[in-house]
Every structure is written in structure tokens, then in C-alpha cells.
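All remarks here apply to the structure that follows.
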Amino acid sequence: MARPLLVLACLAVAIVAVNSALRPAGGGTPVVAAIERELGDSVALKLTTQGYDYPIAVSCAPPPGGAPPDPTAVHLVCQVTAFNERRPSKSPAWVEDVTCNLLVPAGTPRCGSSGGDALQ
């Protein structure tokens with residue numbers, strides 16, 4: 001009889017430990033300009049390592065008419081443009097979603113993009 005209670009107690013302690021490790025990412029509301037800058041730097045680094053040295057422009061805004069299911073989360077839609085100075089009409093542009101303030105393990109970035117970039 002004591003063994004099942006011990007297992008149950010250990011399970012309860014493990015659940016509490018996991019819940020305390022998951023926390024809303026701190027630091028207040030993310031600043032859109034900072035997210036734009038970080039996403040631009042991250043994309044520029046990726047492109048540079050692939051041999052493309054393009055200036056990057058990022059513009060972020062909340063999605064039209066939509067909020068994330070989690071009310072503490074911040075969701076942005078960001079247009080990223082890599083300017084090809086030799087052929088401006090061929091400058092690639094794409095959209096990335098950025099979500100912040102989800103429950104994440106302690107010590108991890110509080111924002112992430114759909115392109116796999118960890119921000120803030």
C-alpha cells in the first residue's frame with residue numbers, strides 16, 4: 001500500500017517541478033522594433049552564410065483580425081525583404097510569423113519565428 005502512495009507522491013513532485021520550469025517568458029511586452037531588428041539580423045546572418053550579402057528590411061504588425069489562442073501571447077506577422085541591389089526587381093520577399101510570451105522552459109528565448117529564429 002505504501003509503494004503506490006510513494007509513486008503517486010513522486011509523480012506529483014515531478015509535475016510541480018515541470019510546471020515551475022515552464023513559465024511565461026518575462027521581461028514585459030516585446031517591443032516590435034526590437035523584434036524587427038533581431039529577425040532582420042538573424043535572416044541576414046543566414047543569407048550571408050549562404051553567400052548572399054543583401055540588406056534586409058523587416059516590417060512587423062499584428063495579424064489582421066486575429067489574436068493567438070493564448071491571451072498572454074503576442075503574435076506578429078512580419079514581411080521580410082532581402083534587397084538584391086544588382087537586380088532590385090528580383091529582391092525576394094516573404095512573410096514570417098512571430099509568436100512571443102508562450103509558456104517556455106526557463107532560459108529559452110521568449111519569441112520564435114516560423115522560420116526557426118529564436119528572438120528576445
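Residues whose amide H comes within less than 5 Å of that of residue 115, counting only those at least five positions distant or on another chain, are 97 (H built at 1.01 Å from N in the peptide plane).
Kindly rank 50-62, 34-46, 86-98, 107-119 from highest to lowest mean number of other beta carbons found within 10 Å of each residue. Mind showing how you got there, number by number?
Working: 50-62: 13.5, 34-46: 17.8, 86-98: 11.6, 107-119: 15.3.
Packing order, densest peptide first, comes out as 34-46, 107-119, 50-62, 86-98.
Rule-based calculations on the coordinates, nothing more; no lab input. This is a predicted model, so every value here is computed, not measured. Virtual Cβ from ideal backbone geometry, glycine too; neighbours counted across all protein chains shown.
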